[in-house]
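The values are calculated or read from the model by the stated rules, or taken from the named source; none is laboratory data. Just so it is clear, the model here is predicted, and its values are computed rather than measured. Don't worry about glycine lacking a Cβ; one is built from the backbone with ideal geometry, like all the others, and counts go over all protein chains shown. Accessible surface is based on the protein model in full, side chains and every heavy atom, while ligands, DNA and RNA are left aside. Shrake-Rupley method; radii C 1.70, N 1.55, O 1.52, S 1.80 Å.
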Amino acid sequence: MLEKEINETNKGGEIEVALVCMPFASWKQPSFALSILSSCLKKEGFKTKTFYFTLNMVKEIGPWLYDKIASWHIVDLLGDWIFSKSLFPELENDEEYFEEILHGGLKEHGIAFFGKEPIPQTVKSEILNIRNKIDQNLQGWADQVFSFRPKIVGFTNLFHQQVSSLALAKKYKEIDLGSVIVMGGPNCQWPMGEAMIKNFPFLDAIFLGEGEMVFPEFVRRTIKGDRIEDLEGIITRNTQIGNEHPKIPIVSKLDEIPFPDYSIFQEQWEEVQEISQGVRGRIQFETSRGCWWGQIKSRRCLFCSQGSKILKYRKKSTRRAVEEISHFRENYPQFDICFTDEAVDPQTIKALGMSAGEENRPGDIIYIQVRPDLDKKQLSLLKSSGVKRLEVGIESLSTKVLTLIRKGVRSIQNIAFLKWCQELKIEPVWNLLWGFPGEARESYSTMSRLIPLIVHLQPPNQVGKFRLERFSPYFDQKEEFRLKSVKPFPAYKFIYPLKDEVLKNLAYFFSFELEEGDKEKGIIQLAELVDLWKKLFPRACLKMSDSGKDLIILDRRGPKEKVTILKGLSREFYLFLGEIRRWEEIQNFFMEKTKKNSRGSGEEVLLSLIKSGLVLKEGDHFLGLAVMEE
């Protein structure tokens, strides 16, 4: 137990609502959902307190092991398994779980073509030690919450914390039978929430969607003893649910939501500084909900798992967004800022530019999700507002595959994005996925030919088969896409000793089979090249410096260093190719520069640059690959 929490517990004092964030959610940041709900409840005059048992756990086991567990392959459900025996005492499957799931004994939990990182015996022993002591932790945490005598205990349920939340809820109900225990979050969407309320009797209500509007009213009615069953977006043990999706309210005017209250996390964060190893905490911020791209059904990415019921795009005004960022920087200067938006839209990028210009401002913006079709000007605006890191939905380097999965971009746009990030010193985080239904074998060879040209650019963070998730078009239309043997990943059975039909509704991640011919050779070649790319990247470079007269290009992508010097028209042309250009634009460039029809000479210059690997050609689109030095 954190010392500050002990002191507060000893002070006593009752509250009406306890909000709980459990391991193994990130310990480096507060719960965005609970921070907003805390503000909503306080605005209505309710006494509330948030408990971050993520911080209690990290103080006990240390940051390295905590992060190891929290960042382990998500479909292995390691964090859930650690708490599972407290929820289901009859479980005795330690060795089998390690062999079949964590070591990849079952094919669904292996990593094809790449292998799986082995777990050292020392780490295995530490994980088992945590699992064996978890009941003791849960009892201490339940006692801590009970000391404040809350009438309602609410849990947020995101990945890595479902079983821990259920286990503490069960433990707390044993202490206080009269308490009302509720749960909400992404893992509570229908039908998952329905499966939980039916199978875990210690739960009194599940919130299926956004809670800002309905949760304060639920609290008000519960305290007064009024009926709650007619509230939209909530199911209780008495709710009769049919096959149709229950009606779920969404917040349409985001400006009306109060600022998240991060003050409790800010206080508790100070208690872990002695073990944080210099890690900066971070707080979350949103400018929008839904997806501005995917809300149009015809262009929604096929593997996107954001539920269609909440895909409707809503955004804050520019005034509110800028005001909120300023508020965070003023009140939480020790924290960096992460955006929760599915994909920041172009208008928001302009708004971020308005928040720039503060010298030595505290709290950098370190994480935003974006689409890869941003231009360099938009990336420059993000850079000026303090952005250091972008998660970008690149997914593939094949235009055919990108079209197949409805990404709405070309491969050359993805490459341009990586190049501009390199120039602006922004770290792009992206994944390279394979195995999509309908993917042609030649797509792998296309990408394999491309990779040697771009080893100077940021390689993918993760590479592997795409993951089938609930709510995605692939999942909802599995028959149409010829996905066979769709079922929850085997890890679920190691955690929940429940019937298959229950697991089918409880699970979020699903394995599948796809019969589309042999693609193994192409995938293996691509995997090997990506591995080489990661090894070469630290020393590889393709950079250029311009004196105004000579453009010097240094090429260290291969075993031998090459230097190319471009002068005159060739120099101007290569600078012109700093952005993606169509063939028609290139023709116009040479005609304008020479004041005559110079199509022939333009083609010769372009062909020479393509052959030397300095220019990328995709159809009638062209891009210079060298990165401009400052």
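Regarding LYS493, is this residue open to solvent by 50 Å² or more (accessible area, probe 1.4 Å) and under 30 Å from ARG482 (Cα atoms)? When the stated conditions are applied, LYS493 passes them. Scanning the range 562-579 for residues that are under 17 Å from LEU623 (Cα atoms), in contact with an Asp or Glu (Cβ under 9 Å, 6 or more places away or on another chain) and hydrophobic (A, V, I, L, M, F, W, C) gives LEU566, LEU575, PHE576. Checking each residue in the range 50-88 for being of a type in the set (Asp, Glu) and under 17 Å from PRO490 (Cβ atoms) picks out ASP76, ASP80. Flag not set for LYS593, criterion: surrounded by fewer than 19 Cβ atoms within 10 Å (Cβ to Cβ), part of a loop (DSSP other than H, G, I, E, B) and either among the basic types (Lys, Arg) or at pLDDT 95 or above (or both). For GLY193, are the conditions met, namely being touching a residue at least 60 places away in the same chain (Cβ under 8 Å) and of a type in the set (Gly, Ala, Ser)? So GLY193 fails the test. Cβ-Cβ distances below 6 Å connect the following pairs, each with a first residue in the range 167-178 that is touching a residue at least 40 places away in the same chain (Cβ under 8 Å), a second residue that is outside any helix (DSSP H, G or I) and of a type in the set (A, V, I, L, M, F, W, C), and a separation of six or more residues or different chains: LYS170/PHE202. Selection over the range 311-342 of residues that are over 14 Å from ARG280 (Cβ atoms) and either among the aromatic types (Phe, Trp, Tyr) or assigned to a loop (DSSP other than H, G, I, E, B) (or both) gives a count of 9. Determine whether the range 528-544 contains at least one residue that is in contact (Cβ under 8 Å) with a residue 60 or more places away in the chain and among the basic types (Lys, Arg). There is at least one residue in the range 528-544 that is in contact (Cβ under 8 Å) with a residue 60 or more places away in the chain and among the basic types (Lys, Arg).
Scanning the range 207-239 for residues that are open to solvent by less than 20 Å² (accessible area, probe 1.4 Å) and within 22 Å of LYS170 (Cα to Cα) yields PHE207, LEU208, PHE215, PHE218, VAL219, ILE234, ILE235, THR236.
Pairs are defined by a Cβ separation below 8 Å, a sequence spacing of at least 6 or placement on different chains, a first member in the range 76-90 that is on the phi > 0 side of the Ramachandran plot, and a second member that is of a type in the set (Phe, Trp, Tyr) and at pLDDT 95 or above; the pairs so defined are LEU77/PHE489; LEU77/TYR492; LEU77/PHE494. Note on the range 38-75: among residues that are more than 23 Å from TRP141 (Cα to Cα) and more than 25 Å from the chain's Cα centre (by Cα), the one that is surrounded by the most Cβ atoms within 10 Å (Cβ to Cβ) is CYS40.
For the range 302-356, the candidate set comprises residues that are of a type in the set (Ser, Thr, Tyr) and over 30 Å from PRO473 (Cβ atoms); within that set, the residue that is modelled with the lowest pLDDT is SER355.
Of the helices (runs of 4 or more DSSP H) lying entirely inside the range 456-549, those containing at least 2 residues that are closer than 30 Å to LYS419 by Cβ and either under 26 Å from the mean Cα position of the chain (by Cα) or aromatic (Phe, Trp, Tyr) (or both) are 520-536. A Cβ distance below 6 Å, combined with a sequence gap of six or more or placement on separate chains, defines the contacts here; from the range 480-496, residues that are closer than 26 Å to LEU91 by Cα and touching a residue at least 24 places away in the same chain (Cβ under 8 Å) reach residues that are in a loop (DSSP other than H, G, I, E, B) and open to solvent by 30 Å² or more (accessible area, probe 1.4 Å) in the pairs VAL486/LYS478; PRO490/LEU106.
Can you pull out every residue in the range 553-579 that is farther than 24 Å from SER380 by Cβ, outside any loop (DSSP other than H, G, I, E, B) and either of a type in the set (D, E, K, R) or open to solvent by 70 Å² or more (accessible area, probe 1.4 Å) (or both)? Across the range 553-579, the qualifying residues are ASP555, LYS562, VAL563, ILE565, LYS567.
Taken over the range 57-93, residues that are assigned to a helix (DSSP H, G or I) and either in contact with a helix residue (DSSP H, G or I) (Cβ under 6 Å, 6 or more places away or on another chain) or closer than 14 Å to VAL123 by Cα (or both) amount to 21. Could you grab me the full set of residues in the range 474-490 that are open to solvent by less than 60 Å² (accessible area, probe 1.4 Å) and touching a Phe, Trp or Tyr at 6+ places or on another chain (Cβ under 8 Å)? Hits for the range 474-490 are TYR474, PHE475, LYS478, PHE481, LEU483, VAL486, PRO488, PHE489.
Criterion first (open to solvent by less than 60 Å² (accessible area, probe 1.4 Å), farther than 19 Å from VAL180 by Cβ and of a type in the set (D, E, K, R)) does ASP204 satisfy it? For ASP204, the condition - open to solvent by less than 60 Å² (accessible area, probe 1.4 Å), farther than 19 Å from VAL180 by Cβ and of a type in the set (D, E, K, R) - is not met.
Is it fair to say ASP143 is free of Cβ contacts under 8 Å to residues at least 40 places away in the same chain, in a helix (DSSP H, G or I) and either surrounded by fewer than 19 Cβ atoms within 10 Å (Cβ to Cβ) or of a type outside the set (S, T, N, Q) (or both)? Answer is yes for this residue. Among the residues of the range 517-539, which ones are open to solvent by less than 50 Å² (accessible area, probe 1.4 Å) and modelled with pLDDT under 95? The answer is LYS519, GLY522, ILE523, LEU526, ALA527, LEU529, VAL530.
Among the residues of the range 258-285, the ones that are closer than 22 Å to ALA321 by Cβ and surrounded by fewer than 20 Cβ atoms within 10 Å (Cβ to Cβ) come to 4 in all. For the range 325-349, the set of residues classified as in contact with a helix residue (DSSP H, G or I) (Cβ under 7 Å, 6 or more places away or on another chain) and either of a type outside the set (S, T, N, Q) or surrounded by 21 or more Cβ atoms within 10 Å (Cβ to Cβ) (or both) consists of TYR332, ILE337, PRO346, THR348, ILE349, listed by residue number.
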